[in-house]
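The block underneath contains the structure these notes are about, expressed in structure tokens.
The values are calculated or read from the model by the stated rules, or taken from the named source; none is laboratory data. These numbers were taken from a predicted model, which means no experiment stands behind them. Methodologically, a virtual Cβ is constructed for each residue, glycine included, from the backbone with ideal geometry; neighbour enumeration extends over all protein chains shown. In case anyone asks, the SASA skips ligands and DNA or RNA and just uses the protein heavy atoms, side chains included. Shrake-Rupley method; radii C 1.70, N 1.55, O 1.52, S 1.80 Å.
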Amino acid sequence: MIFITVSSVHGQSAKVDSAGISDSVRLRELNGVVVSASRKSENILKAPVSIEKLGPDEIRSSAQPSFFDAIENLKGLQVISPSLGFKVINARGFTNTTNVRFVQMVDGLDIQAPHIGAPMANALGPGDLDIVTVEVVPGSASALYGMNAINGTANFITKDPFETRGLSFQQKTGVNHLGDAERRPAAFTETSLRWASAYHEKFAFKVNGTCTQGYDWYANNLADLNPNANISTNLTGNGNPGADRVNIYADESSNRRTITLDGRQYVVSRTGYAEKEMASYHLQNFKGDASLYYRLGQDATLSYTFRIAHSNTIYQRTNRFRLDNYITSQHSLVLKSKSIQLRAYVNRENTGDSYNIRSMAENVERSFKSDNTWFSDFSFRFNELAVNGVGVPKAMSDARAYADMGRPQPNSPQANDLIARLRDINNWDQGAALRVRASMYHAEFQHSLTDGLLRTLNNRHQLSIMYGLDFRDYVVVPDGNYFINPVHDGKNLTYWKTGGFIQATKMLFHQKLKLDAVLRVDKNQYFPAKLNPRLAAVYSPHPEHNIRLAVQQGYRFPSLFEAFSNINSGGVRRVGGLPVMSNGIFENSFLRSSIDAFQAANTTDINNNSLTLSQALQKNQGLLRRNNYTYLKPEEIRGVEAGYRASLLENKLSLDVDFYYNVYRNLMAQVDANIPRNPSPDSILFSLNNRQDQNRYRLWTNSRTVSYNYGSSLGISWTLPGNFRAGGNITVARLARKSQNDGLEDGFNTPSFIYNLSFANPAVVSHVGFGINYRWQSSYLWQSSLATGTVPAYGSLDAQVQYSFTHSNLNVKVGATNLLNSYYLSFIGGPAIGGFYYTTITMHVL
């Protein structure tokens, strides 16, 4: 290890290595201390649940370009990439592109974007110059961290300016899109700065800033999600006029009709636009933070931190969005002592000039012709050609060209002007603007009684007791499109929850047995109180051998979007699942899946069985199903996990293995349901056969399916002679079975197998280190509202080599992710990800 000396203003010094890590931080790292498993410091070997740690050595040796990217190589985790600037972490199944089941924190503060209910990747998180360690708890952590942590938590722990001082600079320069058919190679740049200092050992500050620019990966999957739309007329493949291609927008179900042409019925979609034609892939993010620290005493510190991020990138929820001038921020005040922690913070979100890419495509299409006019023109031209003996495939192609006459061409001045105008219209029936302003106010108090008032309990009886309380309130400014206030029109929408926990830990049998019990209660504004208990035991027959077992239950309340959304997109209103939002819709609607089956059967009978429309309606009405779902309830998980963690061969070999089994109930999902505009007995069947004669909804509700999943992970790390380090991990996740399967539950969306293999040496020769990692995951089924399909298996080889200059405090790292440039998808609907090649220069100026 290379060391330099940093001097304080009083001549005191702290020993710091070439990565800017102080001795005191390094000592904690070597001792394997974690805080996230129990909300208190403890040896990682004795943690009561599975916990993964990414320390300074692992971050520096990683071939990934940032600490956040390196999380993907940890055991038990899955990371998907909706864009280059937006990655999503999950553990143990039920992944989606906005993961409201996984909590992401910085120094214990939740950094979620309020209206989304989940973090915007690491947009508001720390940069590489300020990170010390990452701690991840894979699996439910609701007992300690509240209702949203049913799939896990990640805590990013930053540097203390009292311990790590000085001026640091980092420059990353890279290139991607090599060998990409979509575009030429593109440059990537990221500049970071950190400055920290302390005075009289009482006052300290730190300032961080990062500016990133690049060009995002392209999402241009042209697979057809509706391949059987015209199978009864043998129009399939590229000849399917009713195609719904994954990353073409404005050809979805709300943009197609069943029309009668030359006496037969065909399903026809509007032409649509590719994502790359409706949105810029330019990536530009800026984030910064400033902190002030004041030591009130030997063991007490008061700190204030302000974080802000300005993002221009691609984001994905149900649809994909272009975020422009998207701003998130956080003000926090934290008081820490040996026994008390008090945190108060507010997160703010302003979506700026962002827009919905699908709504943009739909309204660009409709800007030159309404749907009625377009389909009328299509029908007129097809029938005209058919009368003259033109074959069906040719007539379909020519009819589309005729109906598309005057259509704005991609990237033309006309199309660009439309995009500029529509992105500012906050009504998705006419425009595409995303205009949300939301805040999240949070306060929490944590008190370790046995580190203060009841210290004798710990000293005499080896019993520790801790309790905590918290309150959270979401405040949204109604915009009339995305959110309304259904209770008090004209006033801000509020949505609060409160909770608390008590935790007791007892050591027995000469500290060989550790028992830990947590009981948490949470209350939401619209739901009764829920209990989240956890019981855990750690048995250590020898300090290096530790066996753990935990049983827990967790709940999740609906996020803001799930509870209160009120969006009309493509003629479908997406409505929150609380009774104040969707009263009367559940009771009077029919399931869209049954309506689709009803319409398809009618088309087949008219085309192939020579039935009249009335005859087909009467024959197939039994396919229709009333909506039997209802208003939202909290999700529930019950789980058990066991594990073994060991440090062997004089700490040269570490081993960690875990097993878990979970039962999920009331998983929140969306159901499509339509209400006929004419419900009279004589007209209802005709109305349900005509999509334009229905009010269409997508409702947040709960699946009746009970889902059982199990899994295991194994991680091994071995320090070899010559400071070589070899490691590997494998993660297994299975959806074991389902009962009462209704097909509505959120997609499991998780590979059965993921493994990582790594080999590194921080100093293979003087000043030179390297790291190699190979990651592979199996194919898996991806299910979402945007697209469903099988994600192919893929592997990615990452590598880096670096040189540390002793006297200039300079480190140069050259690396690549997906070194072999084999493009892959991390999920269906997302971008194709290729090789990323970079150089990182880091300098610590004293």
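Tabulated data for the structure shown
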item	result
Selection from the range 364-394 of residues that are in contact (Cβ under 8 Å) with a residue 60 or more places away in the chain and either open to solvent by less than 10 Å² (accessible area, probe 1.4 Å) or among the aromatic types (Phe, Trp, Tyr) (or both)	Val364, Glu365, Trp374, Phe375, Phe378, Phe382
Filtered residues of the range 611-627 (kept if of a type in the set (S, T, N, Q), without any contact (Cβ under 8 Å) to a residue 40 or more places away in the chain and surrounded by 12 or more Cβ atoms within 10 Å (Cβ to Cβ))	Gln615, Asn620
Only one of Arg343, Arg322 that is among the charged types (D, E, K, R), under 25 Å from Phe86 (Cβ atoms) and either in contact (Cβ under 8 Å) with a residue 24 or more places away in the chain or open to solvent by 10 Å² or more (accessible area, probe 1.4 Å) (or both)	Arg322
The one condition in (1) within 23 Å of the chain's Cα centre (by Cα); (2) on the phi > 0 side of the Ramachandran plot that Asn723 fails to fulfil	(1)
The lone exception for Ile637 - which of (1) within 25 Å of the chain's Cα centre (by Cα); (2) open to solvent by 40 Å² or more (accessible area, probe 1.4 Å) it fails	(2)
Selected residue (criterion: farthest from Ala223 (Cα to Cα)) from residues of the range 793-808 that are out of contact with any Phe, Trp or Tyr (no Cβ under 7 Å at 6 or more places or on another chain) and open to solvent by 30 Å² or more (accessible area, probe 1.4 Å)	His807
All positions within the range 466-490 that are assigned to a loop (DSSP other than H, G, I, E, B) and aromatic (Phe, Trp, Tyr)	Tyr482
Residue list for the range 804-846, filter: of a type in the set (Phe, Trp, Tyr), in a strand (DSSP E or B) and either more than 23 Å from Asp130 (Cβ to Cβ) or at pLDDT below 95 (or both)	Phe805, Tyr824, Tyr837
Sole exception among (1) open to solvent by 30 Å² or more (accessible area, probe 1.4 Å); (2) within 21 Å of Phe86 (Cα to Cα); (3) of a type outside the set (Ser, Thr, Tyr) for Leu757, by number	(2)
Hits in the range 693-748 - residues which are among the β-branched types (Val, Ile, Thr) and either open to solvent by 60 Å² or more (accessible area, probe 1.4 Å) or not in a loop (DSSP other than H, G, I, E, B) (or both)	Thr701, Val706, Ile716, Thr719, Ile730, Thr731, Val732
Flag for Pro751 being in a strand (DSSP E or B), farther than 23 Å from Tyr215 by Cα and not acidic (Asp, Glu)	no
When residues of the range 823-843 are limited to those that are open to solvent by 10 Å² or more (accessible area, probe 1.4 Å) and more than 22 Å from Phe770 (Cα to Cα), the one farthest from the chain's Cα centre (by Cα)	Tyr823
Selected residue (criterion: surrounded by the most Cβ atoms within 10 Å (Cβ to Cβ)) from residues of the range 588-610 that are in contact (Cβ under 8 Å) with a residue 12 or more places away in the chain and out of contact with any helix residue (DSSP H, G or I) (no Cβ under 9 Å at 6 or more places or on another chain)	Ser589
Qualifying residue in the range 301-320 (condition: within 30 Å of Val207 (Cα to Cα) and charged (D, E, K, R))	yes
Number of the exception - Gly643 against (1) without any contact (Cβ under 8 Å) to a residue 40 or more places away in the chain; (2) open to solvent by less than 50 Å² (accessible area, probe 1.4 Å); (3) not β-branched (Val, Ile, Thr)	(1)
Residues (surrounded by 20 or more Cβ atoms within 10 Å (Cβ to Cβ) and within 27 Å of the chain's Cα centre (by Cα)) located in the range 444-471	Glu444
Hits in the range 36-53 - residues which are of a type in the set (Val, Ile, Thr) and buried (at least 24 other Cβ atoms within 10 Å of the Cβ)	Val49, Ile51
Output for the range 660-683, where each listed residue is over 22 Å from Leu744 (Cα atoms) and open to solvent by 30 Å² or more (accessible area, probe 1.4 Å)	Arg677, Asn678, Pro679, Ser680, Pro681, Asp682, Ser683
Spans of strands (runs of 3 or more DSSP E) in the range 270-388 with at least 1 residues under 30 Å from Asn240 (Cα atoms)	301-316, 320-336
